[in-house]
Structure formats: structure tokens, C-alpha cells
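Below: one structure, written as C-alpha cells.
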Amino acid sequence: MASSEEKVVAVIMVGGPTKGTEFRPVSFNTPKPLFPLAGQPMVHHPISACKRMPNLAQVFLIGFYEDREFALYVSSISNELKVPVRYLKEDKPHGSAGALYYFRDLIMEDAPSHIFLLNCDVCCSFPLPDMLEAHRGYGGIGTLLVIKVSAESANKFGELVADPITKELLHYTEKPETFVSDLINCGVYVFTPKIFSAIQVSTHREDRANLRQVPSFEALQSATRSLPTDFVRLDQDILSPLAGKKQLYTYETMDFWEQIKTPGMSLKCSALYLSQFQFTSPHLLASGDGSESATIIGDVYVHPSAKIHPTAKIGPNVSISANVRIAAGVRLISCIILDDVEIKENAVVMHAIVGRKSSIGRWSRAQAEGDYNAKLGITILGEAVTVEDEVVVTDSIVLPNKTLNVSVQEDIIL
């Protein structure tokens with residue numbers, strides 16, 4: 001049994017501006033981790049999951065965005081959740097394992113018994129308490145969250161082989177060219193502090209091959225204590241060498257899991273989180289029957305400051321941000337509407353993201369097929385885009401500060 005005094009800390013990797021270029025144009029003026037999914041910043045969902053852990057001492061966000069980009073959010077979320085959230089800026093990218101090691105003194109200042117490591121661009125139910133319980137039973141230094149996917153899509157991720165009985169990680173390979181397994185790494189981990197010794201060994205290139213030959217973890221701890229001199233990846237440099245050493249184990253989730261690499265996937269993941277709110281945060285879901293307020297269909301988030309005409313019909317899978325104005329007769333389906341957007345009478349938005357301060361005219365449409373994996377599978381309007389009256393924008397991406405007075409289809413408006 002865990003002691004009631006044992007503390008856990010969480011580390012969430014948020015990347016930096018050189019990452020996530022596939023997320024443009026919605027990341028031009030908002031760091032990707034702060035882009036709203038289901039009305040909450042992307043990073044808010046893993047933080048909220050961590051908050052549900054007993055004895056959570058601190059949450060650390062590690063990345064190489066400028067401090068000012070996270071200062072306001074970190075302050076507000078710390079106050080809201082009543083748990084310290086700190087942003088730690090890397091001087092340069094160190095890799096997920098290297099960054100963990102670089103900030104090890106801060107991470108260990110509360111002497112936690114366990115460290116959760118999560119990637120910000122992962123969308124799942126984050127079953128952290130169950131993972132921790134399983135991890136304690138395994139007795140290793142780390143446990144990975146894993147999930148089964150189709151054999152066709154597995155090679156986009158880290159594929160692994162686990163013992164079906166003991167759940168030990170036996171083999172790990174990142175994005176293999178040939179099929180290894182339909183079991184993949186979800187990018188969510190729990191470690192004991194011994195992980196720092198494993199990373200320390202791996203900071204020496206010549207030792208990385210030797211890590212495969214280490215017969216016991218005690219041998220790892222005798223390594224020289226020096227700062228990492230290079231980029232250390234968790235997957236290739238730590239997980240692969242330690243597989244089959246009775247040090248790493250797996251916990252399989254049967255719930256939803258997606259990686260948020262593109263705006264299309266953000267729309268899909270927003271819907272997944274909205275659905276999850278039914279169980280975790282039902283107070284965040286809007287309701288309305290079209291009499292005194294708009295008709296709400298399915299799972300919808302509406303910011304309290306938004307103004308919506310009672311004749312509008314909203315949902316399913318819609319997220320409406322602050323100070324949005326929605327006029328009479330508007331229809332919204334499967335979309336994310338960002339701050340300060342105006343949608344005028346009888347307009348339709350479907351399978352789309354509408355950027356901040358944009359305007360959609362009367363009887364206009366911003367729509368798409370809703371193929372979340374296709375480049376033009378959703379329509380994206382960048383910041384401050386004006387769609388004039390009776391204009392239809394279909395399967396298109398419009399960069400910021402454009403005015404459309406003619407209809408477009410399957411186009412990228414630069």
C-alpha cells in the first residue's frame with residue numbers, strides 16, 4: 001500500500017515554436033498547447049487529469065516557448081486547481097528524457113515517490129490512478145500507457161511487444177519500417193526517481209550500447225554523475241535499451257486515444273473531450289431547448305461571455321470561446337469557434353475552425369467533409385478573416401487577415 005505521505009509530481013512536455021508546424025495556421029498567434037479543445041487549452045486536459053491524483057505536489061510544464069507565453073495561463077490554472085503549476089523553459093531542446101534530467105533537481109524538490117510524464121499533444125482519458133496502482137504492483141522503474149491500434153497505422157508510432165501475463169516491456173522500436181506489433185506507446189508514463197540514473201547513463205553516447213548489456217539496475221546507478229551533453233530521447237535512448245530488463249512495464253487502456261498533430265485532429269479530439277465531460281465535468285456542457293436559449297444538440301461547450309440568439313441551433317461537438325456573437329438562425333455542427341468571432345444571421349459552420357476576431361456574413365457557409373486526417377478535410381479560417389454575405393467556403397484553409405467576397409472550394413488562401 002502507498003503511504004499517505006508519499007507525493008507524486010507530474011511533468012508535461014509542451015514542446016516549442018519550432019515544433020507543431022503542421023498545426024498552422026491556428027498556431028500562428030497561440031502556442032499549440034494553449035489552443036482550446038472543448039473550451040479548455042489543450043494542456044489543461046492532462047493537467048486536470050493530474051489534479052485527480054491524490055498527493056499531487058506540483059505540475060511542471062517543460063518546453064522552449066518564451067516564459068511570457070505561459071505566464072498568464074500558469075498563474076490562472078494554479079489558482080483554479082489549488083496546486084502549483086510551473087513552466088520550466090529549456091535553453092535548447094534536450095529531448096523528453098534529456099529535459100527531465102536537466103530539471104531533475106526542481107522535479108525532485110518535494111521528494112516525490114513517483115513522477116508522471118505526459119506529452120501535451122496526446123488526447124486520452126489519462127487513467128493515471130489505475131496506471132500508478134499497476135506500476136506499484138509491477139515493481140519496475142517505469143510503466144508506459146499503451147493501446148492497440150490497426151496494423152496499418154501502427155508504424156506511425158512507437159511499436160512494442162509486452163509479455164501478455166506479466167505486462168513487462170520486452171521490445172520497443174520507434175516508427176519501424178516493418179510491422180512489429182499493433183501495441184503502441186501512448187506517450188504517458190509513470191516512473192520512480194530511478195529513471196534519472198537510467199537517463200544519466202544514456203547521456204554518454206558510448207554507454208548507450210552498453211545499457212543493453214546491463215544485467216541489473218544497480219549497475220546503472222554506479223555510472224558517473226555528469227550533466228547530459230546532448231539530446232536524449234525517451235523512446236530510442238531509454239525505452240529501447242531497457243526493454244527486456246524487468247525494469248519497464250505496460251498498462252493498456254481500452255479507452256480513447258489520439259495524437260493531436262493537425263488542426264483536423266484537434267477538432268476530433270475536442271469532440272472526444274466534450275463527450276468525456278459527461279462523466280468528468282458535466283457542468284461544462286451547455287443545454288437549451290430553443291425557447292429562451294438556443295437549441296443545443298449533443299455535447300456543446302459555450303463560454304459564459306458568448307451571446308447566442310435563441311433561434312440558433314448548436315451541436316453536436318461544438319466549442320464556443322469567449323465573447324463570440326451568434327445571430328438568429330445560425331447552425332453550428334462539429335466546429336471550434338475562437339474568441340471574439342461574429343457569426344451573422346442564418347450562417348452555417350460545419351467541420352471547421354474559425355479563428356479569433358473573424359466574421360462570417362449572412363447566409364454564408366464555412367464547411368468541410370469532416371475527414372480529420374485529410375489536409376483539407378476541415379475548413380480553417382485564420383485570425384481576423386472576414387467572409388462576406390452569401391459566400392461559401394468549402395474544404396479550404398484561409399490564412400489570417402483575409403476578406404473573402406467570392407466562394408472558394410478545396411483551396412488554400414494565402
Checklist entry - Which whole-angstrom value gives the distance between the alpha carbon centres of segment 368-414 and segment 139-159? => result 36
Checklist entry - Which value at 222 nm does the chain reach when only helices count, each DSSP H run of 4 or more adding -39,500 (n - 2.57), with the total divided by all residues and rounded to the nearest 500 deg cm²/dmol? => result -5500 deg cm²/dmol
Item to check | FRET E, pair GLU90, GLU152, Förster distance 56 Å, beta-carbon r, rounded to 0.05 | outcome: 0.95
Next on the checklist: Could you tell me the center-to-center distance, by alpha carbons, between segment 261-285 and segment 295-320 in angstrom?
Outcome noted: 14
Checklist entry - Which of the following values of P(r) over Cα pairs in 20 Å bins from 0, in percent was calculated from the structure shown: [x] 26, 52, 20, 2; [y] 29, 60, 11, 0; [z] 21, 36, 32, 10, 0? => result [x]
Checklist entry - What nm distance separates the two modelled labels at GLU133 and SER407, each placed 7 Å from Cα along Cα→Cβ? => result 5.6
Checklist outcome for this item: The relative contact order of the chain, taking Cα pairs under 8 Å that sit 6 or more residues apart, comes to a percentage of 12
Checklist entry - Once both labels are modelled 7 Å past Cα along the beta-carbon direction, what's the GLU80-ASP182 spacing in nm? => result 3.8
Item to check | Computed label-point distance, nm, for sites ASP389 and ALA322 using a 7 Å Cα→Cβ extension | outcome: 3.2
Checklist entry - Rounded to the nearest 20 Debye, what is the dipole magnitude of the chain about its Cα centre when Lys and Arg each give +1 and Asp and Glu each give -1 at the C-beta? => result 420
Checklist outcome for this item: Here the gain from full extension of ARG104 to LYS7, 0.36 nm per residue of separation minus their alpha-carbon distance, amounts to 33.4 nm
Checklist entry - Sorted by packing (mean other beta-carbon atoms within 10 Å per residue), highest first, where do 374-386, 106-118 land? => result 374-386, 106-118
Checklist outcome for this item: Taking 0.36 nm per residue of separation between LYS375 and GLU252 and subtracting their Cα-Cα distance, the length gained on full extension comes to 41.2 nm
Item to check | Exposure proxy ranking, count of Cβ atoms within 10 Å, fewest first, for SER358, SER125 | outcome: SER125, SER358
Checklist outcome for this item: Once amide hydrogens are built 1.01 Å from N within the peptide plane, the residues lying 5 or more places from LEU170 or on another chain with amide H under 5 Å from its amide H are VAL161, ALA162, ASP163, GLY244
Next on the checklist: On a 26 Å Cα-Cα criterion, which of the cross-link pairs LYS82/LYS307; LYS167/LYS261; LYS32/LYS89; LYS32/LYS92; LYS261/LYS357 come out too long?
Outcome noted: LYS82/LYS307; LYS167/LYS261
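Bear in mind these aren't lab numbers, they're just calculated from the coordinates by the rules spelled out. The model shown is predicted, which means the values in this text are computed figures rather than measured ones. Note that we place each Cβ from the backbone using ideal geometry, even for glycine, and neighbour counts take in every protein chain shown.
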